[in-house]
Amino acid sequence: MTDAKNFLDFSYEARPTRVVLRPGASVTAIAGEAERLRLRRLLVVCGSRGADIARAVADALGPACAGLHAGARMHVPVEAADRAVAVARAAGADGSVAVGGGSAIGLGKAIALRTGLPLIAVPTTYSGSEVTPVWGLTEHGVKRTGRDAAVLPRSVVYDPELTLSLPVPLSVTSGINALAHAVEALYAPDTSPLIALMAEEGVRAMARALPEVADEPDSLEARGRALYGAWLCGSCLGATTMGLHHELCHVLGGGFGLPHAETHTVVLPHALAYNAPAAPEATAAVARALDTDDSPRALWELAGRLGAPRSLAELGLSEPDLAQAAARTAGEAFANPRPVTVDGVLTLLRAAYEGGPPERAVP
Ligand code: NAD
């Protein structure tokens, strides 16, 4: 078993990303970030719904903006990546700026993967993709993912003002998606003492920020704290190998069309309850961060208090899908603190499907 406090055997690689967090930074700091990286012709990419925010970023870049491409789509279809690469080449871009959630940043990463062009990320959700070297591309309905240092954004500009428009339900599920990265990093086979610190603080910051965001969506302080949490949680994702929780969400999203952040929100308490007996230190770290003695239950209660979905049934999964999802997940090879069996995953999935409280984690 590998758990968070392994001081005798670990490796940790610091990643070369510069991070700026400040209200207004997407406008006031973006040109400076480009200059620091010696980039003079940046293609700004975003999704169709994020075009207004992206245009403001493009304007702030002034002559360093080589164009705006609003072609980001969920899960980065290869056709969208091909088009974006063609636009970047036609514009003579020497880098790109991705403005938006994980989908827009995913498109920026696809450009970086194919062309080697450096990427600046301006995140508007809490997905954490901006601090990972992980890319994803979807072809014929199948999403492939991989790691490549070339896709890690060189600079990340967190501007809490950009997240004021993120609706509360989306803020909550996006934030709990971020918590899932930190939770799984705590029991990852390649965790380390530094990652354990970041993960615990990430959970603490995000779990404190989300109720504040829900109470006062216009609070820059709450939004800033949530972005700080997203940064820490995303960094944990980038540094470690995820386990059962992420694998299950990947199967449910890719194979059954369930929405990304909502699925993470529903599954997380049950996945942690499943793994808790085999990851006591990780479970204790989450408990400290949430100020509880039952971390799976506290995560479930947090989601409920904030009005987030708590059952896979309400996300549209049907009961006969459970057995297939369990078999598919258990059939994959991945690291996890507790052995993954079809029966075990089915029990977990059934609880997540029904939406009741997770099994109590034995400390
Ligand atoms: P997303 O980027 O698809 O955004 C979700 C929705 O929120 C979209 O409709 C978008 O238009 C809207 N939105 C975004 N910012 C907004 C804002 N400030 N105001 C109003 N609306 C806003 O989803 P996401 O949850 O950010 O990211 C999920 C995707 O990212 C998935 O494809 C996931 O696999 C990927 N992801 C990748 C990594 C990685 O390391 N590669 C990490 C996390 C997530």
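The values are calculated or read from the model by the stated rules, or taken from the named source; none is laboratory data. Please read all numbers here as calculations on a predicted model, not as lab measurements. In this analysis, Cβ positions are derived from the backbone assuming ideal geometry, glycine residues included, and neighbour counts consider all displayed protein chains. In case anyone asks, the SASA skips ligands and DNA or RNA and just uses the protein heavy atoms, side chains included. Shrake-Rupley method; radii C 1.70, N 1.55, O 1.52, S 1.80 Å.
So in the stretch 96-112, with the set limited to residues that are more than 11 Å from the chain's Cα centre (by Cα) and either within 13 Å of residue 159 (Cα to Cα) or open to solvent by 20 Å² or more (accessible area, probe 1.4 Å) (or both), which one is nearest to the ligand (Cβ to nearest atom)?
100
Are any of the residues in the stretch 48-61 of a type in the set (Gly, Ala, Ser), open to solvent by less than 20 Å² (accessible area, probe 1.4 Å), in contact with a helix residue (DSSP H, G or I) (Cβ under 6 Å, 6 or more places away or on another chain) and in contact (Cβ under 8 Å) with a residue 24 or more places away in the chain?
Here is the first cut: in the stretch 48-61, the residues of a type in the set (Gly, Ala, Ser) are 48, 50-51, 54, 56, 58, 60.
The next check asks that each one be open to solvent by less than 20 Å² (accessible area, probe 1.4 Å); those that pass are 51, 54, 58.
Now drop any that are not in contact with a helix residue (DSSP H, G or I) (Cβ under 6 Å, 6 or more places away or on another chain), which leaves none.
Looking through the stretch 48-61, none of the residues is of a type in the set (Gly, Ala, Ser), open to solvent by less than 20 Å² (accessible area, probe 1.4 Å), in contact with a helix residue (DSSP H, G or I) (Cβ under 6 Å, 6 or more places away or on another chain) and in contact (Cβ under 8 Å) with a residue 24 or more places away in the chain.
Which ones in the stretch 140-153 are crowded, with 18+ Cβ neighbours inside 10 Å and outside any helix (DSSP H, G or I)?
Looking only at the stretch 140-153, we keep the residues that are crowded, with 18+ Cβ neighbours inside 10 Å, and these are 151-153.
152, 153, listed by residue number.
Among residues belonging to the stretch 118-139 that are part of a strand (DSSP E or B) and not hydrophobic (A, V, I, L, M, F, W, C), point out the one that is surrounded by the fewest Cβ atoms within 10 Å (Cβ to Cβ). I'd like the intermediate steps shown before the answer.
First, pick out the residues of the stretch 118-139 that are part of a strand (DSSP E or B): 119-123, 134-139.
Next, from what is left, pick out any that are not hydrophobic (A, V, I, L, M, F, W, C): 123, 136, 138-139.
On the way: 123: 30, 136: 18, 138: 20, 139: 12.
Taking the candidates together, the pick is 139.
If I ask for residues that are in contact (Cβ under 8 Å) with a residue 60 or more places away in the chain and either among the basic types (Lys, Arg) or in contact with a strand residue (DSSP E or B) (Cβ under 9 Å, 6 or more places away or on another chain) (or both), which ones from the stretch 146-180 would you list?
152, 153, 154, 155, 156, 157, 158, 159, 160, 162, 163
Which condition breaks for residue 144 when tested against (1) within 19 Å of residue 72 (Cα to Cα); (2) more than 9 Å from the ligand (Cβ to nearest atom); (3) not assigned by TED's automatic domain parsing to the domain that holds residue 75?
Of everything listed in (1) within 19 Å of residue 72 (Cα to Cα); (2) more than 9 Å from the ligand (Cβ to nearest atom); (3) not assigned by TED's automatic domain parsing to the domain that holds residue 75, residue 144 misses just condition (3).
Sort through 162, 179, 197, 170 and tell me the only one that's aliphatic (A, V, I, L, M), open to solvent by less than 10 Å² (accessible area, probe 1.4 Å) and part of a helix (DSSP H, G or I). Break it down into steps so the answer makes sense when it comes.
Details: 162 fails: open to solvent by less than 10 Å² (accessible area, probe 1.4 Å); 197 fails: open to solvent by less than 10 Å² (accessible area, probe 1.4 Å); 170 fails: open to solvent by less than 10 Å² (accessible area, probe 1.4 Å).
Matching residue, one of 162, 179, 197, 170: 179.
For the structure I just gave you, tell me whether residue 115 is within 11 Å of the ligand (Cβ to nearest atom) and either closer than 20 Å to residue 261 by Cβ or surrounded by fewer than 24 Cβ atoms within 10 Å (Cβ to Cβ) (or both).
Details: within 11 Å of the ligand (Cβ to nearest atom): no; either closer than 20 Å to residue 261 by Cβ or surrounded by fewer than 24 Cβ atoms within 10 Å (Cβ to Cβ) (or both): yes.
Answer is no for this residue.
Please tell me if residue 221 is in a helix (DSSP H, G or I) and surrounded by fewer than 20 Cβ atoms within 10 Å (Cβ to Cβ).
On the way: in a helix (DSSP H, G or I): yes; surrounded by fewer than 20 Cβ atoms within 10 Å (Cβ to Cβ): yes.
For residue 221, the condition - in a helix (DSSP H, G or I) and surrounded by fewer than 20 Cβ atoms within 10 Å (Cβ to Cβ) - is met.
Within the set of pairs 6+ apart or on separate chains, which have a first residue in the stretch 246-260 that is closer than 13 Å to residue 345 by Cβ and touching a residue at least 60 places away in the same chain (Cβ under 8 Å), a second that is more than 9 Å from the ligand (Cβ to nearest atom) and of a type in the set (D, E, K, R), and C-beta atoms under 7 Å apart?
247/332; 251/328
Go through (1) aliphatic (A, V, I, L, M); (2) more than 9 Å from the ligand (Cβ to nearest atom); (3) closer than 20 Å to residue 35 by Cα and name the single condition residue 151 misses.
(2)
Tell me the residue from 240, 265 that is assigned by TED's automatic domain parsing to the domain that holds residue 336 and touching an Asp or Glu at 6+ places or on another chain (Cβ under 8 Å), please.
Details: 265 fails: touching an Asp or Glu at 6+ places or on another chain (Cβ under 8 Å).
After ruling out the rest, the residue left standing is 240.
Does residue 350 meet the test of being out of contact with any Asp or Glu (no Cβ under 6 Å at 6 or more places or on another chain) and assigned to a helix (DSSP H, G or I)? Break it down stepwise before answering.
Details: out of contact with any Asp or Glu (no Cβ under 6 Å at 6 or more places or on another chain): yes; assigned to a helix (DSSP H, G or I): yes.
Judged against the criteria, residue 350 is a match.
Specify which of the listed residues (14, 84, 58) is in a helix (DSSP H, G or I) and either touching a Pro at 6+ places or on another chain (Cβ under 8 Å) or more than 14 Å from residue 108 (Cα to Cα) (or both).
Values: 14 fails: in a helix (DSSP H, G or I); 84 fails: either touching a Pro at 6+ places or on another chain (Cβ under 8 Å) or more than 14 Å from residue 108 (Cα to Cα) (or both).
Exactly one of 14, 84, 58 is in a helix (DSSP H, G or I) and either touching a Pro at 6+ places or on another chain (Cβ under 8 Å) or more than 14 Å from residue 108 (Cα to Cα) (or both), namely 58.
Sort through 157, 213 and tell me the only one that's at pLDDT 95 or above, more than 10 Å from the ligand (Cβ to nearest atom), in a helix (DSSP H, G or I) and open to solvent by less than 30 Å² (accessible area, probe 1.4 Å). Steps first, answer last, please.
Details: 157 fails: in a helix (DSSP H, G or I).
Result: 213 is the single residue among 157, 213 that is at pLDDT 95 or above, more than 10 Å from the ligand (Cβ to nearest atom), in a helix (DSSP H, G or I) and open to solvent by less than 30 Å² (accessible area, probe 1.4 Å).
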